[in-house]
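One structure is given here, and the rest of the page talks about it.
The values are calculated or read from the model by the stated rules, or taken from the named source; none is laboratory data. As the structure is a prediction and not an experimental result, all values here were calculated from the model. Quick reminder, even Gly has a Cβ in these numbers, built from the backbone with ideal geometry, and neighbours come from all protein chains shown.
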Amino acid sequence: MFKTFSVAMKLGQAVAKYSKQIAKPLPIKKAKAAGNAIQNFIDSRQFRAIGGKGGDGCISFLQLWCNEHAGPDGGDGGHGGHVILKATSDVRDLGKMPTLAEAEDGEKGSNKDCNGKNASHMIIDVPIGTVIKDNNHKVVGDLKKEGLMFIAARGGAGGKGNHFFASDIEQTPKICEFGALGEDLEYTVEIKSMAHVGLIGFPNAGKSTLLRAISRARPKVAPYPFTTLKPYLGIVEYDDYEQVAVADLPGLIPDSHKNKGLGIQFLRHAERCMALVFVLDASLDEPWNYLEILQYELSQFDERLRQRPHLLVANKIDLPEALANIEKIREETGMKVIGVSGKTGENVEELLKEIKIIYDKNRELEEKENYES
C-alpha cells in the first residue's frame, strides 16, 4: 500500500513538474484600445545633463545703530542641483526621459550672514537595467537594481561670501567668490534588456501582425516595407503567472551591419533580446535563403547573437504556396519549423509554448548563476 502511494506521489510530482514546464498561454480577454494612438518602445536615448550653477557669494558689511563698522556679513551662495538617474520598476522604457536635463541653480548669498538655499536635485526615473555610456562608448553606469542612482552631472559649489575671507590681517575683505558652473556632459542611455523575445525578419514578413495575434500590442500594419521603424512591445501571459515580453523589431535587410536601411540601430535592438524568433514569409520563393541572410547579418554585428536561443517561424501558412514550402524549409535549414498564420491565428498557441520553454530554461540558468555568485 505504501509502495503504491509512494509511486503515485512521484508520478503526481512528475506530472506537476511537466505541466509547469509547458504552461499554457492565457487567452486575451481584455479588448484592445479603440484609439489611434500607437505606442512604440524606446530603448535608447541621447542625453545631455547640465548641473545647476552654484550661487554667488555676497559682499556686505554690517552696520548697527551702535557700531557702524560691525564687520563683513556677506553669506555664501547655495550649491547647484545634481542631475541624477534613478532605476525604478515604475518605468518601462525611456520614452519619457528628456534629451536635455538642466538642474536648478543655487541661490545667491545675502547680507547678515544669510547663506543662499541649496538647489533641489533633478531625479529622472529610468527602467531597471539601464546602462549609461559616455562619448567614448565606455560604460560609466549600470543601474541593475531597484533604487540605484547615477549622478549624470554634478551641480556647482556655491561661492563664499566676504565674511569667509575675514582674518586677523584682513578684517574688511571686499572680495567674494562666484558660484561654480555645473557639469555639462553627454551620454548614451540604453536599456540592457529590452524584451525576452525579439521577432526578427525581413520587411513585410508579418512580424507586426504576429505580435498583434499573441498580445494586446498594436503595431502599425501596412502592405509596404518598413512600416515598423521603432520596436513595439507586447506581453504574453501564461497560466503560471509568468509574463513574457515579445518585441516586434524593425525589418532587417542585406548589409544592415554596414548601416544600410535601419542598420546598426536595428542590430542594437536585437542585442537587447534574450532570445530571437526568426520570422520568414513562407509564401516567397526559397524562403530559407532569407534565414541565411538574417543569421549572417547578426554574426557580422556580433558573433554571440548566433548563440542566442532561437526559434524558426514560417509565417503566412494561410496561403497555399506557404504550406508547400514548410517541409522544404525544414530540409534546407535542418531546424524545427513552426508554421503559423498571424492573420488567422492558426498554430499560434504552439509558438507560444515553444517561447515559454525557452523562457523557462533561460530563467533557470539565471537563477543558477545568481546562486553560484
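Might you check whether a residue that is buried (at least 22 other Cβ atoms within 10 Å of the Cβ) and modelled with pLDDT under 90 occurs anywhere in the range 166-188?
no
Only one of these conditions is not met by V140: (1) of a type in the set (V, I, T); (2) over 14 Å from T188 (Cα atoms); (3) in contact with an Asp or Glu (Cβ under 9 Å, 6 or more places away or on another chain). Which number is it?
Tallying (1) of a type in the set (V, I, T); (2) over 14 Å from T188 (Cα atoms); (3) in contact with an Asp or Glu (Cβ under 9 Å, 6 or more places away or on another chain), V140 fails exactly one: (2).
Report whether or not D302 is without any contact (Cβ under 8 Å) to a residue 40 or more places away in the chain and in contact with a helix residue (DSSP H, G or I) (Cβ under 7 Å, 6 or more places away or on another chain).
The answer is yes for D302.
Return yes when G147 is part of a loop (DSSP other than H, G, I, E, B), in contact with a Ser or Thr (Cβ under 9 Å, 6 or more places away or on another chain) and within 23 Å of G182 (Cα to Cα) and no when it is not.
No: the conditions fail for G147.
Among residues belonging to the range 344-362 that are in contact with a Leu (Cβ under 9 Å, 6 or more places away or on another chain) and either touching a residue at least 60 places away in the same chain (Cβ under 8 Å) or among the hydroxyl-bearing types (S, T, Y) (or both), point out the one that is farthest from Q307 (Cα to Cα).
Among them, the one singled out is V348.
Which one is nearest to V197 (Cα to Cα), of the residues in the range 316-365 that are surrounded by fewer than 16 Cβ atoms within 10 Å (Cβ to Cβ) and small (G, A, S)?
G345
Hey, can you tell me all the residues within the range 329-350 that are part of a helix (DSSP H, G or I) and under 20 Å from Q295 (Cα atoms)?
Within the range 329-350, I329, R330, E331, E332, T333 meet the criteria.
Out of I357, I317, I326, which single residue is in a loop (DSSP other than H, G, I, E, B) and among the aliphatic types (A, V, I, L, M)?
I317
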